[in-house]
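Peer 1: Sharing a structure, written as structure tokens. Questions coming.
The values are calculated or read from the model by the stated rules, or taken from the named source; none is laboratory data. What you see is a predicted model, and the numbers here were worked out from it, not measured in a lab. Ideal geometry is used to build each Cβ from the backbone, glycine not excepted, and the neighbour counts take in all protein chains shown. To get the accessible areas, we keep the full protein, side chains included, count just its heavy atoms, and leave off ligands, DNA and RNA. Shrake-Rupley method; radii C 1.70, N 1.55, O 1.52, S 1.80 Å.
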Amino acid sequence: MLHLQLHQLINLVLLLLLGKYVANIYMPWFDVLVVLGVTFFVEHVLIYVKVQDKIYFSYSSLSTALGIVFMMVTPHLWVVLLVITLGLLQKHLLSFEGRHFFNPSNFALLMGLLFFYNDAHIVLGQLGDNIYLVLIVVVLAGMVLYRANRWVIPVVFSLTYLLLQYVFVVSYDPVMIMEEVYYRFYSVSFIVFIVFMLTDPKTTPVTPVQQVVFAIGISIVAVFLDRYMGFRVQHLFMSLFVLSPLVGLFDKWRVTNNRQKLLIYTLSLLVFSLSVIITIENKAPYYFEMNR
């Protein structure tokens, strides 16, 4: 049977091929190959430095790179390479007893907004809204989610997100209609966020109960930001960013012998996460239009 990370990488590569020919992925093939090549090199240098006697092939690093290709638009290739490098670095450096706290793709996207807000944007339009492509993504992801035992997260998140958006955003905003929320679910990139980035086995809870709490928490934070800061796509990624350190805390709390260090580490990452979010939220919103 395929390694789980290889299975996910194959799905993302297939999605890239489909997206290049039936959707709006802007990055040229040469740049995509450069991104994948540099990602592969950087990741395996970091692996060699960290564990010289246990070198292994990191499929997940290439999945990280493809996540950035799908979600970020920038005219500068070096920005993409830099934020991916930051995402890989944090995976190896910001860890506690083998557990890393942030999804590398999500971390890279937030660093792009933090340092290159005027030149790097999160968009959900690159993969289009073709219903057949949506179904393909759901089927491909479903196989991975079933193997990884993470199918609860996208189901609970979708239901609670729709409910909370209606109760706390649409009902309070006279110019906001529920169709705007529904439209996100027509976006293939939004589905990719839910089924791939939101369900990363390395940064999400293991037990079904914890997964339910995690999914509801992501919905609450995203809707809270939409309610008080405006309906912005980056809030989805921010909610994952700020809650991820708590997952690591609960995952390691019962098994570690150094709870004080874990608590200090987690609180420090929470302060860092909140500082990043506040800094980005204080910047003027942008409008990005995808045209073929």
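Peer 1: Which one is surrounded by the most Cβ atoms within 10 Å (Cβ to Cβ) among residues in region 165-186 that are under 21 Å from the mean Cα position of the chain (by Cα) and closer than 15 Å to residue 222 by Cβ?
Peer 2: Across region 165-186, the extreme among qualifying residues is 165.
Peer 1: Residue by residue through region 164-194, note down the ones that are of a type in the set (A, V, I, L, M), in contact (Cβ under 8 Å) with a residue 24 or more places away in the chain and farther than 24 Å from residue 22 by Cα.
Peer 2: Listed by number, the residues that qualify are 164, 169, 176.
Peer 1: For region 54-96, enumerate the residues that are surrounded by fewer than 24 Cβ atoms within 10 Å (Cβ to Cβ) and of a type in the set (Phe, Trp, Tyr).
Peer 2: Matches in region 54-96: 56, 57, 59, 78, 96.
Peer 1: Among the residues of region 14-53, which ones are over 17 Å from residue 192 (Cβ atoms), open to solvent by less than 30 Å² (accessible area, probe 1.4 Å) and either over 21 Å from the mean Cα position of the chain (by Cα) or touching a residue at least 60 places away in the same chain (Cβ under 8 Å) (or both)?
Peer 2: Within region 14-53, just 47 meets the criteria.
Peer 1: Tell me which helices (runs of 4 or more DSSP H) are completely within region 122-228 and hold 3 or more residues being under 25 Å from residue 91 (Cβ atoms) and touching a His at 6+ places or on another chain (Cβ under 9 Å), or say none if there are none. If you could, list the steps in order and put the result at the bottom.
Peer 2: Details: elements: 131-148, 152-165, 178-186, 188-192.
Once the helices (runs of 4 or more DSSP H) in region 122-228 are filtered for at least 3 residues that are under 25 Å from residue 91 (Cβ atoms) and touching a His at 6+ places or on another chain (Cβ under 9 Å), what remains is 131-148.
Peer 1: Filter region 20-40 for residues that are under 21 Å from residue 7 (Cα atoms) and at pLDDT 90 or above and give the result.
Peer 2: Matches in region 20-40: 32, 33, 35, 36, 37, 39, 40.
Peer 1: Do you know which of the residues in region 198-225 that are under 17 Å from residue 110 (Cα atoms) and not β-branched (Val, Ile, Thr) is farthest from the chain's Cα centre (by Cα)? Don't jump to the end; show me each part of the working.
Peer 2: Going residue by residue through region 198-225, those that are under 17 Å from residue 110 (Cα atoms) are 198, 200, 203, 218, 221-222, 225.
Cutting the leftovers down to not β-branched (Val, Ile, Thr) gives us 198, 200, 222, 225.
Details: 198: 6, 200: 8, 222: 13, 225: 17 Å.
Only one residue tops the list, namely 225.
Peer 1: Restricting attention to region 42-73, which residues are of a type in the set (Val, Ile, Thr) and not in a loop (DSSP other than H, G, I, E, B)?
Peer 2: Those that are of a type in the set (Val, Ile, Thr) and not in a loop (DSSP other than H, G, I, E, B): 42, 45, 47, 49, 64, 68, 69, 73.
Peer 1: Mind checking which residues of region 203-243 are of a type outside the set (A, V, I, L, M, F, W, C), closer than 22 Å to residue 282 by Cβ and open to solvent by less than 60 Å² (accessible area, probe 1.4 Å)?
Peer 2: Our first condition is that a residue be of a type outside the set (A, V, I, L, M, F, W, C); within region 203-243, this holds for 203-205, 207-208, 210-211, 217, 219, 226-228, 230, 232, 234-235, 239.
Narrowing further to those that are closer than 22 Å to residue 282 by Cβ: 226-228, 230, 232, 234-235, 239.
Once the filter is applied, which keeps residues that are of a type outside the set (A, V, I, L, M, F, W, C), closer than 22 Å to residue 282 by Cβ and open to solvent by less than 60 Å² (accessible area, probe 1.4 Å), region 203-243 yields 226, 230, 232, 234, 235, 239.
Peer 1: Go through region 244-284 and give me each residue that's more than 22 Å from residue 210 (Cβ to Cβ), among the polar types (S, T, N, Q) and touching a residue at least 24 places away in the same chain (Cβ under 8 Å).
Peer 2: Selection gives 279 alone.
Peer 1: Does region 25-41 hold any residues that are β-branched (Val, Ile, Thr) and not in a helix (DSSP H, G or I), and which are they? Talk me through it step by step, then tell me what you get.
Peer 2: First pass over region 25-41, keeping only residues β-branched (Val, Ile, Thr): 25, 32, 34-35, 38-39.
Answer for region 25-41, where residues must be β-branched (Val, Ile, Thr) and not in a helix (DSSP H, G or I): just 25.
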